[in-house]
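Read the structure below first, then the notes.
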Amino acid sequence: MAAAGSAVGLGNIWKFPYIAGENGGGAFLIVYLLCVLLFGMPLIMTEFLIGKQSGKSAFGAFRELNGNNRWQWLSWLCMLTSLLIMGFYFVVTGWCFNYLTEAFTNVFQGMDMHELTAHFKQVSSNTPRMLFFGFLPVFLTAGVLWFDVNKGIERLSKILMPLLLVMMFLMAGRVLMLDNSNIGMQFFFQADFSKITPTVIMEAMGQCFFSLSIGMGALITYGAYMPKTQNVTRTSVEVILLDTMVALLAGVIIFPAVFAFGFDPAEGPQLVFVVLPAIFEQMNFAWLSSVLFFALLCIAALTSTISLMEVAVAFLCEATEHTKHPLDRRKSVMVTSIIVMALIALCVCWDSVFGAFDEITACVLMPLGAMGMALFVGWCLPKDGQKGVFHADKGIKRWLRKLFIFFLRFVVPIAILVVFLNSLGVL
Ligand code: PFF
């Protein structure tokens, strides 16, 4: 559940619709689903394996499993990626908190699409306000890690995640009754193959890594907490199914509404923030549904930021453990929060920094991290270690095990390389 909480977040509800909208809808969806099959399954299992086998987070795990420091660079990469993601992710979480407070006070009532678009611009360019709302979730996340109440959060998300799903189903039901909603469904589900360009493939791969939280060690940490009896294969399938379902649902809510209300699907990062309030206007119990939805969205974002910050905090603890100045958990939380707040300030003040962090992490750093982990487990881990991933999966067939290793050794690294070269125009 914690891993699902990490995976399901703003990546599904905010990023997926806007990236799909910018990259041709149906064409993007096909490539995205292929990426989930090709990369998602083997890589989630890989991260769980590294964590479960070593009992450590990224920094300690590579040393523990390999006996030397040759793969240590991967944990530095994880740390860097987590910091950069937090820089812009907290800003978007801040937008959610801002919209939650505004939903409370009924600010959106009666606004048409131009007013909603103007409202978003006005809110997101209000620097002091955005700094406040960006820092607020940092304090909440740091508080959870500081007081070690992860378990409580996990229990909470067991109730709230299904509630978010129910809410999204209701919204989809309402949106599909709007005039012209079928155009949006066509846009989202009908693939025009001529629109599949190297950029679309690159964006789809990046979105797959981002949405499933792979390639930066978050799931290594969660693997470390896994009981030995936990079935890794099943857990990975469950995380993927849940994450993909939420992303698809978000698409089914946003695109029909985009076309029904006359928005542009390629609106960019603001897309869901202008479309969602317009949807609530059409719903029964408009006030209640918008407050409830934004509250659930904030919580979904927080279960992701907790896993993001945990990567940096665990890194600092493990990396300084044997030095003259070891950082305990609480000091690490403090240091991480300060760095993250500086990065948030950069993202709030410069749109280009926000865009660059968003793009570079998903399309470059996470695929690189994932490639490194696949090569590490595929080529450097002894056979016994590799098999460890199936310890609790008694029924697993031998050919499936072989397939897993084959994917890690060849398919995943080569596919990532091909996507990179393709988008650089080399192929
Ligand atoms: N998967 C999260 C989302 O879709 O919102 C974002 C994320 C969380 C990425 C944790 C990476 C991570 F380690």
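The values are calculated or read from the model by the stated rules, or taken from the named source; none is laboratory data. Please read these numbers as outputs of a predicted model, since none were measured by experiment. In this analysis, Cβ positions are derived from the backbone assuming ideal geometry, glycine residues included, and neighbour counts consider all displayed protein chains. Ligands, DNA and RNA are excluded from the accessible area calculation, which covers all protein heavy atoms including side chains. Shrake-Rupley method; radii C 1.70, N 1.55, O 1.52, S 1.80 Å.
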Of the chymotrypsin sites (Phe, Trp or Tyr not before Pro) in region 327-374, which ones lie in a loop per DSSP and count no more than 12 other C-beta atoms within 10 Å?
Trp350
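For region 249-286, state which chymotrypsin sites (Phe, Trp or Tyr not before Pro) are in a DSSP loop and have at most 13 other beta carbons lying within 10 Å of their beta carbon. Let's see the in-between values first.
Working: sites: Phe259, Phe261, Phe263, Phe273, Phe280, Phe285; in loops: Phe263, Phe285.
Loop-located and lightly packed - Phe285.
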How would region 313-400 be classified by its alpha-carbon gyration tensor: rounded, prolate or oblate, with rounded meaning a/c under 1.5 and the a/b versus b/c comparison settling the rest?
oblate
Describe numerically, in nm with one decimal, the distance between label points set 7 Å from Cα along Cα→Cβ at Thr229 and at Leu165.
2.5 nm
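Cβ under 13 Å from Phe210's Cβ, Phe210 left aside: what net charge do those residues give with Lys, Arg +1 and Asp, Glu -1? Numbers along the way, then the final one.
Values: positive: Lys15; negative: Glu203, Asp243, Asp358, Glu359.
So the environment of Phe210 carries a net charge of -3.
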Accessible area per residue, 1.4 Å probe, Å², for region 235-288: what's the number?
33 Å²
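Please work out the FRET efficiency for the pair Leu288 and Ala266, using the Cβ-Cβ distance as r and a Förster radius of 41 Å; give the result to the nearest 0.05. Don't skip to the answer; put the middle values down first.
Values: r = 32 Å, r/R0 = 0.77.
The pair Leu288/Ala266 has a calculated efficiency of 0.85.
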How much accessible surface area, in Å² rounded to 10, belongs to the heavy atoms of Thr101 with a 1.4 Å probe?
60 Å²
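Rank Cys317, Cys347 by accessible area, highest first, at a 1.4 Å probe radius?
Working: Cys317 30, Cys347 5 Å².
Putting Cys317, Cys347 in descending order of accessible area: Cys317, Cys347.
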For region 287-393 the trypsin sites (Lys or Arg not before Pro) that pass both the DSSP coil test and the at-most-12 other-Cβ-within-10 Å test are Lys324
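Going by a ≥ b ≥ c, the root eigenvalues of the Cα gyration tensor, does region 181-233 fall in the rounded group (a/c under 1.5), the prolate group (a/b larger than b/c) or the oblate group?
Working: a/c = 3.91, a/b = 2.29, b/c = 1.70.
Judged from the Cα gyration tensor, region 181-233 comes out prolate (a/c at least 1.5, a/b above b/c).
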What part of the accessible area of the chain, given as a whole %, is carbon or sulfur when the probe is 1.4 angstrom?
67 percent
Of Met111, Met79, Met366, the one that fluctuates the most in a GNM where the chain has Cα springs shorter than 10 Å:
Met111
Could you give me the ³J(HN,Hα) list for region 330-336, computed from phi with Karplus coefficients 6.51, -1.76, 1.60 and θ = phi - 60°, whole Hz, x at Gly and Pro?
5, 5, 5, 4, 5, 4, 4
When the chain is reduced to its Cα atoms, the Kirkwood hydrodynamic radius in Å:
21.8 Å
Along the Cα-to-C-beta direction of Leu33, a point sits 7 Å from the Cα; which residues of region 241-272 have their amide N less than 15 Å from that point?
241-252
Working from the pairwise distances between different alpha carbons, so that the mean of 1/r is found and then inverted, what is region 257-306's Kirkwood radius in Å?
12.0 Å
Neighbourhood charge, 13 Å Cβ-Cβ cut-off, centred on Cys317 and excluding it, Lys, Arg +1 and Asp, Glu -1:
-1
Estimated FRET transfer efficiency (His322, Met1; beta-carbon r; R0 35 Å; 0.05):
0.55
How many nm separate the modelled label positions at Val335 and Lys387, each set 7 Å beyond the Cα in the direction of the Cβ?
4.0 nm
For region 261-365, convex hull of alpha carbons as volume per residue, Å³
138 Å³
Quick note, region 165-273: a/c under 1.5 would make it rounded; otherwise a/b > b/c is prolate and the rest oblate (a ≥ b ≥ c, C-alpha gyration tensor); here it is prolate
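Might you tell me the accessible area per residue for region 299-407, computed with a 1.4 Å probe and given in Å²?
47 Å²
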Run the reach check for Lys402 against aspartates and glutamates, Cα to Cα strictly under 17 Å, same-chain hits fewer than 8 apart removed. What comes back?
Asp384, Asp393
Along the Cα→Cβ direction, 7 angstrom out, place labels at Leu156 and Asn68. What is the inter-label distance in nm?
4.6 nm
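Roughly speaking, what is the stretch gain from Val364 to Ala191, that is 0.36 nm per residue apart minus the C-alpha to C-alpha distance, in nm to one decimal?
On the way: separation 173, 0.36 × 173 = 62.28 nm, distance 2.57 nm.
Working it through step by step, the gained length comes to 59.7 nm.
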Computed from the beta carbon distance with a Förster radius of 35 Å, FRET efficiency for Asn422 and Glu281 to the nearest 0.05 stands at 0.25
